[in-house]
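Take a look at the structure set out below.
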Amino acid sequence: MALTNMSASIPCVASPKPWRCLSLNGAAQNRSSLSQNVAASLSPTGLCAVVDKGGGEVMKSKTTIGVALIGGALLSSSALAAEMTIGVVGPLTGPAATSGIAMRDSYQFVADQVNAAGGIDLNGEKTTLKLIFEDSASRPEMGVSAAQKLLTRDNVDLLIGDTFASSVTIAMMDIAASFGKFVMSGQPVSSEIARKVESDPERFANFWKSSWNSDAYAKAVFEAVEGLTEAGKFSTGDKKIAFVFEDTDYGKSNVEYASPLFKEAGWTESAHEAVPLGHSDFYPQLSKLRGDKPDVVVSIFTSVNSGIAFTKQIKETGLDSLHVAIYYPMRPEFHEGIGSDSEKMLWTPMLYDPVNNEKHKALFDLMAAKGIQATGDHAQGYCQFAMLAENLKRAGTFDPAKLSEAFATTDFPCYTGRFVYDTTNHTPKIGADFLPVAVAQVQSGVSKAVWPPSAATAEFE
């Protein structure tokens with residue numbers, strides 16, 4: 001049987017719709033229906049073997065094979081031209097793995113949404129997003145190695161890192177800048193990151209944070225304690241404060257900003273205890289605190305296990321101080337593991353409250369429909385990556401300079417707040433009109449926002 005239509009041998013060309021081939025009479029056929037009509041299959045060499053209704057293979061001349069090879073080449077180049085690759089570095093193992101995995105899943109969730117909608121118009125064509133994830137284990141040397149691999153071997157178009165650890169981000173910044181790619185961090189809040197941007201704006205022109213600076217938590221804690229005191233809801237006694245924190249850039253930067261605020265308001269710092277990441281034996285530190293009798297104890301850990309151990313040991317040792325925690329109570333596994341020992345403690349940042357906040361509930365329902373039980377980490381990851389996708393759309397390219405111009409003019413409302421940047425340090429603004437940082441209290445086993453008044457859903461007890 002000879003071919004009556006040369007176009008019948010041209011393979012299916014990639015398109016947003018299902019692959020299609022031409023039948024012997026030139027009529028278009030969906031690939032899914034060809035099993036009962038004219039069938040086509042793409043071989044490893046890119047050829048479309050055309051079969052007639054009776055199952056006999058159509059003879060292919062050298063000319064026909066040549067046309068098929070050209071079609072296969074078109075298929076390959078078309079697919080490659082419409083894909084943007086984003087490298088992501090974050091902790092998928094180690095003490096912060098739960099947060100890192102949540103960030104990974106939320107980034108991929110948004111990317112899947114973008115791709116399902118047909119992609120983003122970049123450089124004049126619809127482009128889908130491909131994410132490549134690498135593990136940092138919250139260790140700077142691993143993060144740097146992962147970034148180098150993504151930037152060289154994978155040749156990614158854009159880099160995100162670290163999704164969680166400030167120390168990893170700081171270590172990556174200089175390496176990433178030398179490759180001339182756009183770089184964004186995830187949750188890292190260390191103010192040292194912003195200082196590096198301000199100190200060398202030309203070198204870090206295309207680096208942007210997607211979370212605030214660590215002074216945001218310090219201000220939230222200070223304003224809550226002072227505000228509750230002024231309102232007559234908390235008695236400060238001798239105005240003594242103690243800090244117990246992990247010895248990381250995250251922990252140290254929070255204390256660095258909080259301590260001066262309290263000292264300027266007449267407080268005395270009675271303890272300054274740094275412990276290793278993942279530490280769990282706090283009895284020596286708590287023994288000192290019982291002797292000092294501080295009015296307020298501020299604990300700062302990214303490891304949930306550290307937070308559980310510290311909070312339980314406070315109860316065991318009978319320390320009678322107002323306990324204010326930074327970060328770890330936003331993780332649901334903290335509340336699952338702590339039981340009633342967290343009752344009445346304060347914590348920040350309460351960024352995500354799907355029980356009392358309708359917008360947060362909407363995000364929870366959206367992700368639950370895909371089998372993801374969204375936490376505060378998921379909420380941050382979703383909005384950060386959605387903001388990136390919107391800025392890519394506005395820029396129309398992943399060219400670093402043009403994408404940075406889009407970031408500089410960001411005004412992106414999301415479930416957790418509104419992203420607007422301070423362009424001097426490439427950091428999102430905080431506040432009631434931007435990204436709110438609320439302080440919550442555990443009341444009868446439920447966390448409720450108690451400060452500031454504009455975000456409160458309950459009174460301090």
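Does Ser211 fit the bill of being under 30 Å from Gln441 (Cβ atoms), at pLDDT below 95 and among the hydroxyl-bearing types (Ser, Thr, Tyr)? Answer is no for this residue.
Residue-wise test of (1) among the hydroxyl-bearing types (Ser, Thr, Tyr); (2) over 19 Å from Asn115 (Cα atoms).
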residue: Pro354; (1), (2): no, yes
residue: Lys359; (1), (2): no, yes
residue: Gly371; (1), (2): no, no
residue: Thr375; (1), (2): yes, yes
residue: Gln380; (1), (2): no, yes
residue: Arg394; (1), (2): no, no
residue: Ser404; (1), (2): yes, yes
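Residues of the stretch 250-260 being at pLDDT 95 or above and open to solvent by 50 Å² or more (accessible area, probe 1.4 Å), which ones? The one that is at pLDDT 95 or above and open to solvent by 50 Å² or more (accessible area, probe 1.4 Å): Pro260.
The condition (being surrounded by fewer than 14 Cβ atoms within 10 Å (Cβ to Cβ), in a loop (DSSP other than H, G, I, E, B), touching a residue at least 40 places away in the same chain (Cβ under 8 Å) and of a type outside the set (Lys, Arg)) is satisfied by just one residue among Gly266, Gly237: Gly237. Figure legend. Inter-residue proximity from the stretch 98-117: first residues under 30 Å from Gly278 (Cβ atoms), second residues open to solvent by 60 Å² or more (accessible area, probe 1.4 Å) and not in a helix (DSSP H, G or I), beta-carbon distance below 9 Å, spacing 6+ or different chains. Indicated pairs: Gly100/Thr93; Phe109/Lys370.
Condition check ((1) touching a strand residue (DSSP E or B) at 6+ places or on another chain (Cβ under 8 Å); (2) assigned to a strand (DSSP E or B); (3) crowded, with 19+ Cβ neighbours inside 10 Å) across all residues:
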position	(1), (2), (3)
Met142	yes, no, yes
Ser145	no, no, no
Leu150	yes, no, yes
Val156	yes, no, yes
Leu159	yes, yes, yes
Val168	yes, no, yes
Met173	yes, no, yes
Val197	yes, no, yes
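When Gly318, Gly339, Gly371 are checked against the criterion of being without any contact (Cβ under 8 Å) to a residue 12 or more places away in the chain and touching a helix residue (DSSP H, G or I) at 6+ places or on another chain (Cβ under 9 Å), a single residue qualifies: Gly339. Each residue in the stretch 285-336 was checked for being open to solvent by 10 Å² or more (accessible area, probe 1.4 Å) and assigned to a helix (DSSP H, G or I), and 21 of them qualify. Annotation note: Cβ proximity below 9 Å between a residue of the stretch 175-196 that is within 18 Å of Thr163 (Cβ to Cβ) and a residue that is in a loop (DSSP other than H, G, I, E, B) and aliphatic (A, V, I, L, M) (sequence gap 6+ or interchain) occurs for Lys181/Val156; Gln187/Ala165; Pro188/Ala165. Scanning the stretch 401-453 for residues that are small (Gly, Ala, Ser) and either surrounded by fewer than 18 Cβ atoms within 10 Å (Cβ to Cβ) or in a helix (DSSP H, G or I) (or both) turns up Ala401, Ser404, Ala406, Ala408, Gly431, Ala432, Ser444, Gly445. Look through the stretch 244-278, keep the residues that are farther than 16 Å from Asn305 by Cβ and of a type in the set (Val, Ile, Thr), and return whichever of them is nearest to the chain's Cα centre (by Cα). That would be Val255. Counting only residues that are closer than 12 Å to Gly396 by Cα and in a loop (DSSP other than H, G, I, E, B), the stretch 120-139 holds 2 of them. Of the residues making up the stretch 436-460, those that are in contact with a Lys or Arg (Cβ under 7 Å, 6 or more places away or on another chain) and either under 30 Å from Val197 (Cα atoms) or modelled with pLDDT under 95 (or both) number 2. Across the stretch 269-284, what is the total count of residues that are free of Cβ contacts under 8 Å to residues at least 40 places away in the same chain, hydrophobic (A, V, I, L, M, F, W, C) and open to solvent by 50 Å² or more (accessible area, probe 1.4 Å)? The qualifying residues number 1.
When the stretch 118-135 is filtered for residues that are touching a residue at least 60 places away in the same chain (Cβ under 8 Å) and open to solvent by less than 50 Å² (accessible area, probe 1.4 Å), the ones remaining, listed by number, are Gly118, Ile120, Leu122, Leu129. Evaluated against (1) open to solvent by less than 20 Å² (accessible area, probe 1.4 Å); (2) at pLDDT 95 or above; (3) assigned to a helix (DSSP H, G or I), Gly87 falls short on exactly one condition, (3). Could you tell me whether the stretch 219-232 includes any residue that is in contact with an Asp or Glu (Cβ under 7 Å, 6 or more places away or on another chain), assigned to a helix (DSSP H, G or I), in contact (Cβ under 8 Å) with a residue 40 or more places away in the chain and surrounded by 18 or more Cβ atoms within 10 Å (Cβ to Cβ)? Scanning the stretch 219-232, I find no residue that is in contact with an Asp or Glu (Cβ under 7 Å, 6 or more places away or on another chain), assigned to a helix (DSSP H, G or I), in contact (Cβ under 8 Å) with a residue 40 or more places away in the chain and surrounded by 18 or more Cβ atoms within 10 Å (Cβ to Cβ), so the answer is no.
The values are calculated or read from the model by the stated rules, or taken from the named source; none is laboratory data. Note that this is a predicted model, so its numbers are computed, not measured. As a convention, Cβ positions derive from the backbone with ideal geometry for all residues, glycine included, and neighbour counts pool all protein chains shown. SASA here: full protein model, heavy atoms, side chains in, ligands and nucleic acids out. Shrake-Rupley method; radii C 1.70, N 1.55, O 1.52, S 1.80 Å.
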